[in-house]
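A short reminder: the numbers here are calculations on the coordinates, not readings from a lab. The model shown is predicted, which means the values in this text are computed figures rather than measured ones. All Cβ positions, glycine included, derive from the backbone under ideal geometry; neighbour counts span all protein chains shown.
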Ligand SMILES: Nc1ncnc2c1ncn2[C@@H]1O[C@H](COP(=O)(O)OP(=O)(O)OP(=O)(O)O)[C@@H](O)[C@H]1O
Ligand SMILES: [Mg+2]
């Protein structure tokens, strides 16, 4: 459903992605692993049109490489960025509504908000509170729910596990897995927590210094001795 072909990304003279090609299957979870600075965030920025890139990106058969960010978002790409970026003065409820800003099906938006609050009961409890008062884990649940409220076809997640307790990571990943199964959502999950990421992923890629060092199914990755040692420990 999304294909990257020979994508290079640059910050001025620094090249952050090197001839990256990837192919994501609709309705599946694709995890991208890589060390600090490997280019994971740049990969997401490139898909969103927020980086200077060459090469091509096709989304549902259409070349979106030259489209501005809002056009890519309109086609159904949503992101939970590094560090969440909630509107901290706005309440939890308002943040959720912001996620649905481009939708006109009000009744279904209300139903979706209710579904998120049922899955993450803390959101209902804190519904009227400014989102800035949430804990890190609660904030990540809100950021994920907000992104899902746009009913994306492709969800980009940038290190959702950072700073969270294992139980909160499991809650977040379970929600991602559920929406993926129930609604056919495609997920690109960038993670340093390789173990957790591979638990829910169908396919994976490894980035090393901006280049793809592996792409394939999770079992094959786990069977590769060098990659297993480098990214999963023993
Ligand atoms: N705004 C920028 N200007 C110059 N170089 C940048 C910029 N942003 C990122 N880079 C460089 O691009 C490379 C890839 O960075 P990127 O943020 O994509 O890595 P990452 O895999 O997301 O790392 P992390 O796990 O630490 O978040 C790094 O070498 C980084 O220093
Ligand atoms: Mg990053």
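Here are some notes:
- For the pair the range 139-169 and the range 44-95, the centres of their Cα atoms are 14 angstrom apart.
- Rounded, prolate or oblate (a/c below 1.5 giving rounded, otherwise prolate when a/b exceeds b/c) for the range 162-234 by Cα gyration tensor: prolate
- Rg/Rg_ref, the chain, where Rg_ref = 2.2 N^0.38 Å and atoms are Cα: 0.99
- Between 148, 17, 50, the residue with the greatest mean-square fluctuation in the GNM of the chain (Cα pairs under 10 Å linked by springs) is 50.
- Euclidean distance between Cα centres, the range 16-41 to the range 170-192, Å: 16
- Choice from 130, 68, 152 showing the highest fluctuation, given a GNM over the chain with Cα pairs closer than 10 Å: 68
- Estimated from helices alone, the mean residue ellipticity of the chain at 222 nm is -11500 deg cm²/dmol (sum of -39500 (n - 2.57) over DSSP H runs with n ≥ 4, per residue).
- Residue 219 versus residue 56: modelled label distance in nm, points set 7 Å from Cα along the beta carbon direction: 3.3
- Between 31, 150, 88, the residue with the greatest mean-square fluctuation in the GNM of the chain (Cα pairs under 10 Å linked by springs) is 88.
- Paramagnetic label reach from residue 14 (point 7 Å along Cα→Cβ; backbone nitrogen cut-off under 16 Å): within the range 37-77, residues 37-46, 51-53.
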